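Q: Have a look at this one.
The values are calculated or read from the model by the stated rules, or taken from the named source; none is laboratory data. For clarity, every value in this text was computed on a predicted model and none was experimentally measured. Every residue, glycine as well, gets a Cβ built from its backbone with ideal geometry; the counts of neighbours run over all protein chains shown.
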Amino acid sequence: MGRLDGKVGLITGASSGIGRATAEVFAGQGAALTLVGRSQEGLDQTAARARESGASITTVVADLAQVAAAAQVVQAAMAAHGRLDIVVNAAGIIGSGTVETTPAAEWDRMMRINLDAVFHVMQAAAPHLRASRGSIVNVSSVTGVRAFPGMLTYCVSKAAVDQLTRCAALELADAGVRVNAVNPGVVVTQLHRRGGMNADRYGEFLEHSKSTHPLGRVGQPEDIAAAILFLASDASGWITGETISVDGGRHLTCAR
């Protein structure tokens, strides 16, 4: 899979879900980490679990919807560890709405967090990643690959992340910096609950999702973290500009 000994990583969305699982996997593979999220309590929980591997961990509470936050978290990572080798953009939100019902404010909020924040973090980190010949892994979604009704803004934001990944891969390749993305299917995190699903509806959604993913189950954060580790490590040293589906085959199916 690829060890990360001597590497320094920055992970956004690290207070829960895929970001937390990635932090634990990276720490277990020898990386020092700066963890970013909006919840200090959540970050503390992630940090405690990551430190069980003996990793050096720094936490930064930040709202990446604010443009200035990206530079601040990158500066914090550099101040704590002196270098930056890996950036994982795992922060994100989800919501529902159609082309007719989505309020402008909701469109703007989704784009600020799911797309703009990814761009700003990448831009702030790029000079440091050039120096280290590092890598970026963005967390996209199956909705960036396939269209789903009733999730307009989320789908568009993730499709844009995929194209941002491809463009940045070309632009940073001259320095040996690799940029890739993972596109998860339905994964058991707090994302949908925070997006407005109550407990009963979420349970029904997970049960139904077993039938929409050909491998017959929904994903776990660790499934995605394993793919992120591969893309971030030197084991994938000739891969860049890829958006890799990690979704139990969901992207291969027709809508149902």
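Q: I need a count of the residues in region 89-124 that are among the aliphatic types (A, V, I, L, M), under 15 Å from the mean Cα position of the chain (by Cα) and not in a loop (DSSP other than H, G, I, E, B). Don't jump to the end; show me each part of the working.
A: Step one: list which residues in region 89-124 are among the aliphatic types (A, V, I, L, M), which gives 90-91, 93-94, 99, 104-105, 110-111, 113, 115, 117-118, 121-122, 124.
Subset that is under 15 Å from the mean Cα position of the chain (by Cα): 90-91, 93-94, 110-111, 113, 115, 117-118, 121-122.
With the extra rule that they be not in a loop (DSSP other than H, G, I, E, B), the set shrinks to 110-111, 113, 115, 117-118, 121-122.
Residues in region 89-124 being among the aliphatic types (A, V, I, L, M), under 15 Å from the mean Cα position of the chain (by Cα) and not in a loop (DSSP other than H, G, I, E, B): 8 in total.
Q: Among the numbered criteria (1) touching a helix residue (DSSP H, G or I) at 6+ places or on another chain (Cβ under 6 Å); (2) part of a helix (DSSP H, G or I), which one does THR189 miss?
A: Unmet for THR189, out of (1) touching a helix residue (DSSP H, G or I) at 6+ places or on another chain (Cβ under 6 Å); (2) part of a helix (DSSP H, G or I): (2).
Q: May I ask you to list pairs of residues, at least six apart or on different chains, whose Cβ atoms are under 8 Å apart, with the first in region 212-237 being closer than 11 Å to ASN180 by Cβ and touching a residue at least 60 places away in the same chain (Cβ under 8 Å) and the second being of a type in the set (Gly, Ala, Ser) and part of a helix (DSSP H, G or I)?
A: PHE230/SER236
Q: Condition (residue is out of contact with any strand residue (DSSP E or B) (no Cβ under 6 Å at 6 or more places or on another chain), of a type in the set (Ser, Thr, Tyr) and part of a loop (DSSP other than H, G, I, E, B)) applied to region 47-57: is it met by at least one residue?
A: So far as region 47-57 goes, yes, one or more of its residues are out of contact with any strand residue (DSSP E or B) (no Cβ under 6 Å at 6 or more places or on another chain), of a type in the set (Ser, Thr, Tyr) and part of a loop (DSSP other than H, G, I, E, B).
Q: Another one. Looking for whichever is touching a strand residue (DSSP E or B) at 6+ places or on another chain (Cβ under 9 Å), among the basic types (Lys, Arg) and crowded, with 18+ Cβ neighbours inside 10 Å here; the options are ARG166, ARG178. Which one fits? I'd like the intermediate steps shown before the answer.
A: Numbers: ARG166 fails: crowded, with 18+ Cβ neighbours inside 10 Å.
Unique residue meeting the criteria: ARG178.
Q: Looking at (1) surrounded by fewer than 24 Cβ atoms within 10 Å (Cβ to Cβ); (2) under 26 Å from ARG133 (Cα atoms); (3) modelled with pLDDT of 95 or more, can you tell me which one ARG20 breaks?
A: It fails just one condition, (1).
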